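Below: the structure, in structure tokens.
The values are calculated or read from the model by the stated rules, or taken from the named source; none is laboratory data. This one's a predicted model, so the numbers in the text were calculated from it and none came from an experiment. Note that each Cβ is placed from the backbone with ideal geometry, even for glycine, and that neighbours are counted across all protein chains shown.
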Amino acid sequence: MKFIRSIALAGAFAAFAVPAFAHDFAAGDLTIDHPWSRATPEGARVAAGYASITNKGSDADRLIAVRSDIAASSDVHEMAVDGNGVMTMRPLADGIEIPAGEEVKLEPGSFHIMFMDPAKPLVEGESFAGTLVFEKAGEVAVEFAVEGMAGPSGHSGHNH
């Protein structure tokens, strides 16, 4: 009987633990899945933000801006490798299109958010507020989870 109670209790704790990993935000037809950033060392001049954005609607939308109190400014960026193998990073003045019925991943080595001149180091296990601004869906308040330098762990379905 004690064994059955222990299993039931463990199941109850697991049920309460799930929301800690549920880290999704929505606005209209858009779902923003697990916004996160890497921990940064003292004195870091930039930090990056990542997430997956799914558009369940029939019209494209566009991520056009990002804001956060943790940084002096924030931009939507793209990292790419040119024909000569040179890695380039540039702000996207027109933002990132989120096509209808598709998912766009902001991830290391691709599209991402740059937080310029963070006010303090980002510490693993903490989080910070941000706002994603979409052309059609408008402003979406999100919470960026600060992960270790290796990126998210224990979040199935993420390829970071």
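Within segment 77-99, the set of residues being exposed (fewer than 11 other Cβ atoms within 10 Å of the Cβ) and of a type in the set (A, V, I, L, M) comprises Val81, Val86, Met87, Ala93.
Checked against (1) in a loop (DSSP other than H, G, I, E, B); (2) hydrophobic (A, V, I, L, M, F, W, C); (3) touching a residue at least 40 places away in the same chain (Cβ under 8 Å), Ala150 passes all but condition (3). Within segment 76-134, the set of residues being polar (S, T, N, Q) and not in a loop (DSSP other than H, G, I, E, B) comprises Thr88, Ser127, Thr131.
In the set Ala137, Ala93, Ala100, only one residue is free of Cβ contacts under 8 Å to residues at least 24 places away in the same chain and more than 25 Å from Thr40 (Cα to Cα); that residue is Ala93.
For every residue, the table says whether it meets (1) surrounded by 12 or more Cβ atoms within 10 Å (Cβ to Cβ); (2) at pLDDT below 90.
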residue: Ala22; (1), (2): no, yes
residue: Phe25; (1), (2): yes, no
residue: Gly28; (1), (2): yes, no
residue: Arg38; (1), (2): yes, no
residue: Arg45; (1), (2): no, no
residue: Ser68; (1), (2): yes, no
residue: Ala71; (1), (2): yes, no
residue: Asp75; (1), (2): yes, no
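Residues of segment 77-88 that are at pLDDT below 95 and touching a His at 6+ places or on another chain (Cβ under 6 Å): none at all. Comparison of Ala100, Ala141, Ala150 shows that the only residue that is modelled with pLDDT under 95 and among the aliphatic types (A, V, I, L, M) is Ala150.
When the test is whether a residue is among the acidic types (Asp, Glu) and farther than 24 Å from Gly43 by Cα, Asp117 does not pass it.
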